[in-house]
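The values are calculated or read from the model by the stated rules, or taken from the named source; none is laboratory data. Because the structure is predicted, anything quoted here is derived from the model rather than measured. Every residue, glycine among them, receives a Cβ derived from its backbone with ideal geometry; neighbour counts consider all protein chains shown. Surface accessibility is based on the protein's heavy atoms, side chains included, excluding ligands, DNA and RNA. Shrake-Rupley method; radii C 1.70, N 1.55, O 1.52, S 1.80 Å.
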Amino acid sequence: MALSETTLDTDLSVHSTFASRYVRTSLPRFKIPDNSIPKEAAFQIINDELMLDGNPRLNLASFVTTWMEPECDKLIMASINKNYVDMDEYPVTTELQNRCVNMIAHLFNAPLGESEAAVGVGTVGSSEAIMLAGLAFKRKWQNRRKAEGKPYDKPNIVTGANVQVCWEKFARYFEVELKEVKLREDYYVMDPEKAVEMVDENTICVAAILGSTLNGEFEDVKRLNDLLAEKNKETGWDTPIHVDAASGGFIAPFLHPELEWDFRLPWVKSINVSGHKYGLVYAGIGWVIWRSKEDLPEELIFHINYLGADQPTFTLNFSKGSSQVIAQYYQLIRMGFQGYKNVMENCRDNMIVLKDSLEQTGRFNIVSKDVGVPLVAFSLKDSSQHNEFELSDMLRRYGWIVPAYTMPPDAQHVTVLRVVIREDFSRTLAERLVNDIQKVLQELDALPSKPKVSICGDDNKVVVKKTALETQREVTTVWRKFVMERKKMNGVC
Amino acid sequence: MVLSKLASESDVSVHCTFASRYVRESLPRYKMLENSIPKEAAFQIINDELMLDGKPRLNLASFVTTWMEPECDKLIMDAMNKNYVDMDEYPVTTELQNRCVNMIAHLFNAPLGDSEAAIGVGTVGSSEAIMLAGLAFKRKWQNKRKAEGKPHDKPNIVTGANVQVCWEKFARYFEVELKEVKLREGYYVMDPKKAVEMVDENTICVAAILGSTLNGEFEDVKLLNDLLLEKNKVTGWDTPIHVDAASGGFIAPFLWPELEWDFRLPLVKSINVSGHKYGLVYAGVGWVIWRSKEDLPEELIFHINYLGTNQPTFTLNFSKGSSQIIAQYYQLIRLGYEGYRNVMENCHQNAIVLKEGLEKTGRFNIVSKEIGVPLVAFSLKDNTRHTEFEIAEMLRRFGWIVPAYTMPADAQHVTVLRVVIREDFSRTLAERLVLDITKVLHDLDSLPAKINARMSVVAEQKNGTVVKKTAIETQREITTYWKNFVMA
């Protein structure tokens, strides 16, 4: 029998991935490779490179859920190939979305009759939700101004300088002016009085945040509502409120049910919440609820016949996966009110443990409040020798990702570190984190202080003669800090 | 030993789900329940209800991928808890996106230097991609008009009436006028000549579709480019082109590489493609590529410090899952050029098999073309007795989801059925489908024509004559009439 030369064949099927030639070739970066490679090789190569990503569960910067029960993972995988927008083909999935909308609307005390359907929609996140809400306000305001025969070319929105970047995106992309209420030291949220002062006839809405990204604080929506109600009585402008409850929407109803911030306040016309934050679902789901049909102009809703039957659609995205919607429904029925309350209470208790331990070190000021999103924002009492950015850097070595950032105007001189307590951040981890922070403090204390660089970016003044190497090191360090600080834009949230 | 009454405890932990009380209670629809329920019960209840959804792989209406290799499923599950937007925390995932952008840009012949990075971004789908591209055009046009001191309050965009709804959304949400080139019977895409005629000084761009949703046809982008070049020379308006290659972007380069539709044409400034259509990834990823930096105004890009370090962001969505991006990269390196070509050739062949099977029945006109997205759009030669909508309905009984819809203006009298051939629609399935369609035709032929009911009810409306019928006949008529009315 002739031994045919089929080395290629054995190469593919017999060699284990790490014995094959695929791990010797450089992965393509700019162009699609000409040939296919075996699926095992593709999987292994990508999987291995991804090992160098941060560990999602140790990412204490993010509010977004990083753990779900395996049963839910099963449901997610099973629906990964369902295109959510095919309402006619997947009527059950569509109905699950509707049930979620209704449940969340009731959670927010929307004024609905017994079997009245809520007005709302699932989105990819709070960014899309906010853009939809903003669009609705803009269109409503334009229609009203047209009816009154007044100019409608300069709409604006009033918010605090602490808003998340999606409001700025909304403003810039949809050509609405953003009027920001500046912050000040020790007051890191929007001041309701100042906000109402800024309202004029072109204001399409005032946006309040329930759970500021910077320090987790809840803005005083009730006060805003009362002040705005007075102003509206005088002016007749009927300026409405939108509550950005991206984080707080799934916290306040469970931990602080007596806090009035939602549709119980008459001027609140729409609310958005991130399902993927404290809704306890993986990234990719948000919700926007309107108070009533009147608050969502019909002309913004498209009725299409794309796939064979009438489908109403009012979202920016069209095709997307169904998994997160199903996962949200799973959480709502699996946990129920009690379950969510328990999770939020755990988060809050762990937050207090972390906060107390940090206070005990005697080196930190706590910037976050007790009532708010369970997070701890803290800054060094003395940042002259070493600053928060260095702390953040050194914590990375232990695996923790703890972000440091400066406050927006007019409090740019304040730098904070922020740890978000999510569902899966147990007490054990909290204690370990404090331990590691203390180690880092000790290490920093032992290091010589770095040359001072002012935040305004002035050139460093080096007076003492140093060796070439020392100078080099100094220069690189200074430049690194300079660049990092210059990059801290006002879009901090 | 005292047997304490722990009925509720044994209830929860011992009973199998279907023995427990959870499957006896009605699921909440409007309000959250007060208590939690066990995870097994939650899983089972939802899983079971979802059984009544259509089967994704038999959904022949959709272009969106419904199958991926198990290895990729593994990668997807592992990346499920990674929030894509955390660039600093997940630098590898961010880089995978950049690699995909570069690869796709090269696939579209973007004029890039050797190690020059392409300009583009991953989105949730073509809708977002198109909105971003449209925004870039709008802003560029506005800046140009401001510099010229001319009015910039009435931007418009020229497209065919066959555009997908996201263009209409873009137009309405971003306050741009949509100037649609009407279709006509037998010509279901945008006519380049008419399109160029409609271009005026307020036109921010002309949008051409590579792979019309209705019948899969590729529009003649080259002709559009040449005509627009001439007009631009005359007017000096520099009107650009955007190619909506949502479906076609991953087909044309592999099946018809000589077809010029991409950045090889100088006026094409941006292209979008759906990763989740013929990019062969599950729903949730699209791509938009710009020709060069000049085509994406810097002021639209936000530099934020949300999570501790500088992150440039120009997308409508912020937080989202990383799974689909990783899956797209997997496909690009796993399949490579030859793999994609093989898949597209298979789809193309299976489309031909289906088309020929349908033609053999002698009952259908084929409305789709050979060159285009692998799909078969067909209408009844004679739809006086039964309509395409009835065929679609009856096919459901066999498990197939085949949509029927009417063409947009000015061809609204034409109704088509459309079958999309995806990667996972094998020849066996194609043959089975033809068999089932033949069965349906058979069944319909033996049914009385519904037309009488429709015509007589219409006649009633027109001249007020009342035809006496029994109560049940009238009821049936009314329901059928309304059904046809609503569905059409």
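With over 22 Å from B:Pro155 (Cβ atoms) and not assigned by the TED database to the domain that holds B:Glu423 as the only criterion, which of B:Ala252, B:Ala208 stands out?
That would be B:Ala252, the only listed residue that is over 22 Å from B:Pro155 (Cβ atoms) and not assigned by the TED database to the domain that holds B:Glu423.
For the range A:21-38, filtering for residues that are modelled with pLDDT of 85 or more and more than 7 Å from chain B (Cβ to nearest Cβ) leaves 1.
The single condition among (1) open to solvent by 10 Å² or more (accessible area, probe 1.4 Å); (2) within 25 Å of B:Lys277 (Cα to Cα); (3) aromatic (Phe, Trp, Tyr) that B:Trp141 does not satisfy is (2).
The single condition from (1) open to solvent by 10 Å² or more (accessible area, probe 1.4 Å); (2) within 28 Å of B:Thr313 (Cβ to Cβ) that B:Glu148 fails is (2).
Scanning the range B:19-63 for residues that are among the hydrophobic types (A, V, I, L, M, F, W, C) and assigned to a loop (DSSP other than H, G, I, E, B) returns B:Leu27, B:Met32, B:Leu33, B:Ile37, B:Met51, B:Leu52, B:Leu60, B:Ala61, B:Phe63. Taken as a whole, the range B:19-32 holds at least one residue that is farther than 30 Å from A:Ile401 by Cβ and open to solvent by less than 10 Å² (accessible area, probe 1.4 Å). Selection over the range B:409-421 of residues that are modelled with pLDDT of 90 or more and more than 13 Å from chain A (Cβ to nearest Cβ) gives a count of 1. Which ones in the range B:39-74 are more than 7 Å from chain A (Cβ to nearest Cβ), of a type outside the set (D, E, K, R) and either in contact with a Cys (Cβ under 6 Å, 6 or more places away or on another chain) or open to solvent by 20 Å² or more (accessible area, probe 1.4 Å) (or both)? Selection gives B:Gln44, B:Ile45, B:Met51, B:Leu58, B:Pro70.
If I ask for residues that are within 13 Å of chain B (Cβ to nearest Cβ) and without any contact (Cβ under 8 Å) to a residue 40 or more places away in the chain, which ones from the range A:114-145 would you list? Those that are within 13 Å of chain B (Cβ to nearest Cβ) and without any contact (Cβ under 8 Å) to a residue 40 or more places away in the chain: A:Glu114, A:Ser115, A:Glu116, A:Ala117, A:Gln142. Restricting attention to the range A:411-426, the residues that are in contact with a strand residue (DSSP E or B) (Cβ under 7 Å, 6 or more places away or on another chain) and under 20 Å from A:Lys369 (Cβ atoms) add up to 9.
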